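The values are calculated or read from the model by the stated rules, or taken from the named source; none is laboratory data. Values in this document were obtained by computation on a predicted structure and should not be read as measured data. Please note: Cβ atoms are built from the backbone with ideal geometry, for glycine as well, and neighbour counts cover all protein chains shown.
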Amino acid sequence: MSAIQSQFEADRVEEEAKKRGIKVDRRYYRDLRFVMEEGISKVFVGNDEITGEKYMGIWFRVAGTISGKYVEGRNMLIRLKEKEMRCINGEGYLKWPRMGKISQHGVFVENDIPVIPTKIFYTKEQVLDEEFNYPLIAKHERGYQGRSVKKFENREELERFVNKINEKNIGMFLWQKYLPLKWDLRVIVIGGRAIGGMKRMASGGEFRSNFSLGGEVEEWKLSEEERNLAEKVARVCGLDYGGVDIMKDEKERNYVLEVNRACQFRGFEKATDINVAKKVIELLYF
């Protein structure tokens, strides 16, 4: 985990673990230490060696740092310990050290998972030469909680935005068709099974439906198609745990917006009354 993210989720997992007599050791990536010598590899967290006798599993709550040093540490830990204990999402992390929105779309398209019509460019000229229909959505490849999502009502708004961007960063954006519905679905998949669905609705004049941005939430009864789609996303991405975001168009066709490998679940537990933390413990323990 990190010092500032996922406090609620870590607290909840620790709470559920204590009910079952299980100790949770909460650590930062910087606490890791590796020793590799004379054909022996050891991993330490603080002064304690991580072994299958001491630990039942590991749950990573953040991807790592921009520099990549913790990403390498996380993946080294998975490689050395996955035979001794469950490393949640270990397969997916090793395949995609960072799984941003662009790489996700590549995986989705390769596996016939429906995505909103999307375009990616690498120069300002390419963007401004394109004939878009408005409104238009732009998302940053590494944005989270909806904070990087922009909506443009016309060409003038698009030009102002593009002209402010350093051209070397143009390739970090996805340009997408705007779907007029002001709600989407979050489906949490654990151990290959969709455990439930939550409808997220934008509030007031906000077009983004994220719970962290003030969106309202309620339970959603998953259809067979929605359930199968979410489980397929988790399967092709190698995820034991993840939040799959699905949006519909005017004809109620489903599109996968993205998958979050360490999704937060405060709003999900509130809306569905499903004990996500308990299911994470069960995934690690049983």
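Scanning the stretch 194-221 for residues that are modelled with pLDDT of 75 or more, assigned to a loop (DSSP other than H, G, I, E, B) and crowded, with 19+ Cβ neighbours inside 10 Å turns up just one, Ala202.
So, restricting to helices (runs of 4 or more DSSP H) that lie completely within the stretch 34-139, which ones have at least 3 residues that are touching a strand residue (DSSP E or B) at 6+ places or on another chain (Cβ under 9 Å), touching a residue at least 12 places away in the same chain (Cβ under 8 Å) and of a type in the set (S, T, N, Q)?
none
Could you please let me know if Lys164 is in contact (Cβ under 8 Å) with a residue 40 or more places away in the chain and not polar (S, T, N, Q)? Against the criterion (in contact (Cβ under 8 Å) with a residue 40 or more places away in the chain and not polar (S, T, N, Q)), Lys164 does not qualify. Of all residues in the stretch 50-92, those satisfying the criterion of being out of contact with any helix residue (DSSP H, G or I) (no Cβ under 6 Å at 6 or more places or on another chain) and of a type in the set (Ser, Thr, Tyr) are Thr51, Tyr55, Thr65, Ser67.
How many of the residues in the stretch 75-114 are closer than 23 Å to Asp245 by Cβ and surrounded by fewer than 16 Cβ atoms within 10 Å (Cβ to Cβ)?
Start the filter on the stretch 75-114 by keeping residues that are closer than 23 Å to Asp245 by Cβ, which leaves 88-93, 95-114.
If we keep only those that are surrounded by fewer than 16 Cβ atoms within 10 Å (Cβ to Cβ) too, we end up with 91, 95, 97-98, 103, 106, 109-112, 114.
So the answer is 11.
Taken over the stretch 222-269, residues that are part of a helix (DSSP H, G or I) and at pLDDT 95 or above amount to 15.
Can you find a residue in the stretch 264-284 that is out of contact with any His (no Cβ under 6 Å at 6 or more places or on another chain), closer than 25 Å to Gly106 by Cα, surrounded by 18 or more Cβ atoms within 10 Å (Cβ to Cβ) and touching a residue at least 60 places away in the same chain (Cβ under 8 Å)? For the stretch 264-284, residues out of contact with any His (no Cβ under 6 Å at 6 or more places or on another chain), closer than 25 Å to Gly106 by Cα, surrounded by 18 or more Cβ atoms within 10 Å (Cβ to Cβ) and touching a residue at least 60 places away in the same chain (Cβ under 8 Å): present.
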